[in-house]
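This report concerns only the one structure given below.
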Amino acid sequence: MLTMNNITKVFRTDLVQTYALREFNLNVGEGEFVAVTGPSGSGKTTFLNIAGLLETFDGGSYSLDGEDVSHLNDKARSRFRNEKIGFIFQSFNLIPDLNLFDNVDVPLRYRGFNSSERKRRIEQSLEMVGLANRMKHLPSQLSGGQQQRVAIARALAGEPRFLLADEPTGNLDTKMAHSVMDLLKDINEKGTTIVMVTHDPSLAKQAKRNIYVRDGRVSELHEVAAFAEEESQTTAKASNG
Amino acid sequence: MFSYYLRLAMLSIKRNPILSSLMVAAIALGIGACMTTITVNYIMSADPIPSKSDKLFYVQLDSWDPNNSADADEYSLPSQVTWTEATNLMRAKKAVRQSAMASSGAVIEPPGQDAKPYNASIRLAFTDFFPMFEVPFLYGAPWSHEQDQAREQVVVLSQETNDKIFGGENSVGNSLTIGGNVFTVVGVLKQWEPMPKFYDVTTGAFNEPEELYMPFLLKEELELPNGGNTNCWKTPDGEGFKAFLQSECINFQMWVELPDENAEAAYLDFLNSYAAEQKAMGRFQRPINNRLSDVMEWMEDQEVVADDARIMLWLSFMFLLVCLLNTIGLLLSKFTGKAAEIGLRRAVGASKGDLFMQHLVETGCIGLAGGLAGLGLAYLGLIGIGTLYGDFAKNMTSMDLTMVAVALGLALLSSIAAGLYPTWRACNIAPAGQLKSQ
């Protein structure tokens, strides 16, 4: 489903070059729910951006859904994102002027569906996240958890094969975070492949597989407990230092 | 997608009402200034008789001072003709239609005891004047060729004059005392206001047409006073009106209608032969130099579009450019503020082309709003010019549908041009950088 071989991503300035990803290798199979964890600055978000075709990379190869996407032009990448990838962001990224219906409609507009098909998909995906009765509300009239549900509905409306979530519960309280995680698990149960970046070990634990990223590389797969311990040590060092 | 983009544009404009209003105001100011000057130039340079402007020719003959040309240029010609040339050319009748003409004035004594006499402007012309210049009649018809030759006291009234004196009724056949002589009304014109007043620009290309029209030869018969410009390169031989008419003073215009190039060439040959004859008689001592100018050539020659109007036009375009530069800055600011939304749209599948179109539609909407507001400002500007310059500018200060279309087109084009760079910048916002930062 997703295969990255020796992916390298370098950020260059006049004085330094920083490797965000270095010989990054990863395989994600169809229907998996993978949590990507790792310390800040380890390259998790860069990985997610490359996986979502939002950023290009400097070396290696990447194939998604059986297609080599390493050298697609901008238009083809846009089309690929629109048809096969759904995004969920930490800060929801809803458009404040548009009501829920229109927010969910955004990716469908670029898909070229007619209005009745768009309406069907919007209603269905808002139904799935439990917000079908609030279609005409603006994002500002919803709680954080509800906003993230709208973002999930938007990601699902195009029926993507692949869902990328970047800290999807990062802006939510524990109760709402669990509710969103339950929703993601349901979606995964229905067959959508999910890759989620998170700092939260308790959320990572709920994924089917955990991947630990450090210094731009996929480290060995960690047990959740070991990862949690490492995270707490890092935090302790930071507070002592 | 266009309707979707239109909806997004409206939402975006509403989201930043102050910024949007500033952009509309900047475009409106530029368009308003431009349209004011374009309208004035457009009216000044319009073809006043498009159906036959290439068939009507103004006649110039070099009967001027042997030692000095009529103007600074060695080959410049007098802008009018003498009475001798006017009457000789009319007698020759070498064109399909022809009319010598002059402006004059006299006191009208309206019938009825309460009506007060007043000074009226007169156009002295031959009967061909009316069909040649497609002058429309409300009542009656032009006088005849015979009445021209017989110097009959007949008159054609402008509609305004007929309204004033006869209350707008059909006055054909009525008598009217003009300059102490009794005239018979043979026709009343429909509203006729050629712009510019091409048939006689010497009295002002944007003046009102005359109030009365009467046979040209009555000038001599009734010793009607000169109107317009009179120029002489030598003093008349003798005193009095007859001496003036026989002098080398120019005060008359001569127009001919020539259907094609052959007729034009033949008429020019005739003029050259005429000049040679006059030379043999001791006149026309300068090298033979005669000219036929069609209507638009004559307007150009007489610089109907004044140089300062052209300069104002360029200045207003510069002003529009400054306004557009401001608009570019404002658009940049507006689109930068939308970076997160642009990043999101890119992430969910919008191509650069989609975003380019979306923002171009938004820019176009702002441009159209600016164009409409600019039309209002141009209207006020034209009223201002009319107020400032009085009657002279009154006829130059109205906008027709073409000008409205030009204003909107100019606003749309210039705003889109201004929007290209900000739109291009917006499309190239890296989505990954925006999605985390919201």
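Readers should treat all values here as calculations from the given coordinates under stated rules, not as data from a laboratory. These figures come from a predicted structure and were not determined experimentally. Cβ atoms come from the backbone with ideal geometry, glycine included; neighbour counts cover every protein chain shown.
Taking other C-beta atoms within 10 Å as the exposure proxy, B:D308, A:D166, A:D58 rank B:D308, A:D58, A:D166 from fewest upward.
Projected label points at A:E30 and B:F319, each 7 Å from Cα along the beta carbon direction, are separated by 6.9 nanometres. Among residues other than A:V36 with Cβ under 10 Å from its Cβ, the summed charge is +1 (Lys and Arg +1, Asp and Glu -1).
Simple rule: put +1 on each Lys or Arg Cβ and -1 on each Asp or Glu Cβ in segment B:62-289, find the dipole, and look at B:S175, B:A263, B:N119; the Cα lying farthest toward the positive end is B:S175. When the Cα atoms of segment B:1-140 are aligned to their principal axes, the ranges along those axes come out at 75, 57, 30 Å in descending order. Pairs of Cα atoms in the protein assembly as shown fall into 10 Å distance bins, from 0 up to the last occupied one, in shares of 3, 12, 16, 14, 10, 8, 8, 8, 8, 7, 5, 1, 0 percent.
FRET efficiency for the pair B:T336 and B:R7, taken as 1/(1 + (r/R0)^6) with r the Cβ-Cβ distance and R0 = 30 Å, rounds to 0.85.
The residues B:I288, A:I194, A:I187, when put in order of fewest to most other Cβ atoms within 10 Å, stand as B:I288, A:I187, A:I194. For the residues A:Q141, A:Q206, A:Q124, a GNM of chain A with alpha-carbon springs under 10 Å puts the largest fluctuation on A:Q141. Across all Cα atoms of segment A:2-240, the radius of gyration (one decimal) and Dmax (whole number) stand at 18.2, 59 Å. Counting Cα-Cα pairs of segment A:1-119 in 10 Å increments starting at 0 gives whole-percent bin shares of 11, 36, 33, 16, 3, 0. The orientation-averaged projected area of the convex hull spanned by the Cα atoms of segment B:146-276 comes to 10.7 nm². Shielding by partners for peptide A:74-80, expressed as the average number of C-beta atoms from other protein chains within 10 Å of each residue's C-beta, is 4. Estimated from the Cβ-Cβ distance and a Förster radius of 35 angstrom, the FRET efficiency linking B:N262 and B:E146 is about 0.70. Note on A:S116 and A:K75: with the Förster distance fixed at 35 Å, the Cβ-Cβ geometry gives a FRET efficiency of about 0.85.
Sorted into 10 angstrom bins from 0, the C-alpha pair distances of segment B:62-289 split as 7, 31, 35, 18, 7, 1 percent. Extension gain for the segment A:A132 to A:R209, taken as residue separation times 0.36 nm less the Cα-Cα distance, is 24.5 nm to one decimal.
In a DSSP loop and with at most 14 other Cβ atoms within 10 Å, the GluC sites (Glu not before Pro) in segment B:191-271 are B:E223, B:E239. Shielding by partners for peptide B:339-346, expressed as the average number of C-beta atoms from other protein chains within 10 Å of each residue's C-beta, is 5.
Helix B:17-45 and the longest principal axis of the Cα set of chain B meet at an angle near 20°.
Using a Gaussian network model of chain B in which every pair of alpha carbons under 10 angstrom is joined by a spring, one finds that among B:K352, B:K55, B:K197 the greatest mean-square fluctuation is at B:K352. Taking Cα atoms only, the orientation of helix A:74-84 departs from the longest principal axis of chain A by about 70 degrees.
Extension gain for the segment B:R15 to B:E239, taken as residue separation times 0.36 nm less the Cα-Cα distance, is 72.5 nm to one decimal.
Other residues lying with their Cβ under 12 Å from the Cβ of B:R425 contribute a combined charge of +3, Lys and Arg counting +1, Asp and Glu -1. Using a simple spin-label model with pseudo-atoms 7 Å out from Cα toward Cβ, A:F11 and B:E220 lie 9.9 nm apart. One chain, two ends: B:E277 and B:A92. Fully extended at 0.36 nm per residue, the span grows by 65.3 nm beyond their Cα-Cα distance. Placing pseudo-labels 7 Å out from each Cα toward the beta carbon at B:S51 and B:A430 gives an inter-label distance of 6.9 nm. Here the Gaussian network model covers chain A, with springs between Cα atoms less than 10 Å apart; of A:H71, A:H199, A:H178, A:H71 fluctuates the most. Other residues whose C-beta falls under 13 angstrom from the C-beta of B:G240 contribute a net charge of -3, scoring Lys and Arg +1 and Asp and Glu -1. For segment A:34-127, GluC sites (Glu not before Pro) meeting the loop criterion (DSSP other than H, G, I, E, B) and having at most 13 other Cβ atoms within 10 Å: none.
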